[in-house]
1. Which whole-number percent is the relative contact order of region 202-384 (Cα, under 8 Å, 6+ apart)?
2. Against the longest principal axis of the chain, how steep is helix 367-384, in degrees 0 to 90 to the nearest 10, with axes from Cα atoms?
3. For the pair Lys45 and Ala358, what calculated FRET efficiency results from E = 1/(1 + (r/R0)^6), where r is the Cβ-Cβ distance and R0 = 45 Å, to the nearest 0.05?
4. Mind giving me the FRET efficiency for Arg181 and Met121? R0 is 25 Å, r the Cβ-Cβ distance, nearest 0.05 is fine.
5. Need one number: the % of Cα-Cα pairs in the chain sitting beyond the 38 Å mark.
6. Tell me the label-point distance for the pair Met238, Arg194, using the 7 Å Cα-to-Cβ offset, in nm and rounded to one decimal.
7. Which whole number in µm²/s is D for region 171-228 by Stokes-Einstein, with the Kirkwood Rh taken over Cα pairs at 4 °C and 1.567 mPa s?
8. Work out how much length Lys212 to Thr289 would gain on full extension: take 0.36 nm times their residue separation and subtract the Cα-Cα distance, in nm to one decimal.
Amino acid sequence: MRKRKKNITKPKKDKLSIVHFHWGFPPIIGGVETHLTILLPQLVKMGHKVNLLTGAVEGLNGKYNYEGVGVVRTPLMDLNWLFKRGLNGLGEEVKAVFSSFLKEVKPDVVHVHNMHYFSKMHIETLQGMCREKKIPLILTAHNVWDDILYLELAHDIEWSHIIAVSHFIKKEMIGIGIDDREITVVHHGVDQDRFKPGVKTNDVLAKYPQLKGKRVIFHPARIGLAKGCDTSIKAVNMVRQKDPNVVLVLAGSKNIIDWGGTQQKDIAYLVELVKHFKMEKNILIDMYTLDEVKEIYEISDICLYPSTACEPFGLTMLEAMAMAKPMVVTNMGGMPEVIKDGINGFVVQMKDFEALAAKICQLLEDKKLARRFGYTGRQIVEAQYTKEKVALETLGIYQRALKR
């Protein structure tokens, strides 16, 4: 009688070497980039070795350390450059850079962000290397697209698991035939210790004296039509008829990933819209540092994010909530998963600037309601959206992938 073989489970590895790939990282700004500044250092604090391969930025070293995270930059991950140059003839260079990077950092897990789009060559090259070395390949889908490239890469790449940043994104991926069991929703987190009420505002008020004594409405998402900046401008144009003391603060966008080159056209239109309404005294548009953003949140009465696109999540919602500010958003994408109408903010219909103006006026007049929304938002962040929580949930997905 033959002895039965024992089912030996590979012991759980406590400390991992984790590699992330994404097209951008600060000073490139955006939701994914901000998410990485929260998640990656938190994984380091938990004792893991973390490295990131990302796009090159003029004036920055190709290799350096960011809060314990090893950052390597290459033009071959710079989408702005790749869009202008084209992808043809870069296969061997991409292979060499990826191979050298993986050989140096020796990852247990490879985690990519939004590499189910933009370039089939990049992700197929990386998939081949992960397959050869038997390394789990995790995707975080921060966005979805309605075209053939997205359809092919979502299906054809052998993802060990897919993280969706919202139930909206998960549903969209199920809609194209991805097995729901292969997708886990992990909402973004926010650095609740960095973003919290009580920030001193001396510096930002000294830099922007026009904000002193004003009713400040902050639209923290980068400037663009998809972010609903035109809706915010039209709404505040109506609000100022009732309260001339109101100022809308819009966040400019210098360092962004602009695949397709549409940003400058959007900005030109929005500037003309401000001039058309003669709102120059009621609008502030500039680019702000992280410290300045925190101070602007602090002096704000209300925050807006009336997106006109299917916003996958909207990280600025968490920042506003962490700063105990009431938020008004549209019923688009993943935003209603976070902002509950009448609980921690208001939800309005897309492009309905009249409804948005009405909600702004209501919150400006009812200070008790605005304070309650802000207080509730901060409580929700502390319970559900901390940097520790998103790191633990992500790490759990790594461990399950390694067991498989």
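We did not get these values from a lab; they are worked out from the coordinates using the rules stated. As the structure is a prediction and not an experimental result, all values here were calculated from the model. Note that we place each Cβ from the backbone using ideal geometry, even for glycine, and neighbour counts take in every protein chain shown.
1. Values: 316 pairs, mean separation 43.1, N = 183.
After rounding, I find 24 percent.
2. The angle comes out near 10 degrees.
3. Efficiency at R0 = 45 Å is approximately 0.55.
4. Details: r = 29 Å, r/R0 = 1.16.
That pair, Arg181 with Met121, gives E of 0.30.
5. On the way: 18534 of 81406 pairs.
Percent of Cα pairs beyond 38 Å in the chain: 23.
6. Each label point is offset 7 Å from its Cα along the Cβ direction, giving 3.6 nm.
7. Working: Rh = 16.3 Å.
Answer from the Stokes-Einstein relation: 80 µm²/s.
8. Roughly 25.8 nm would be gained on extension.
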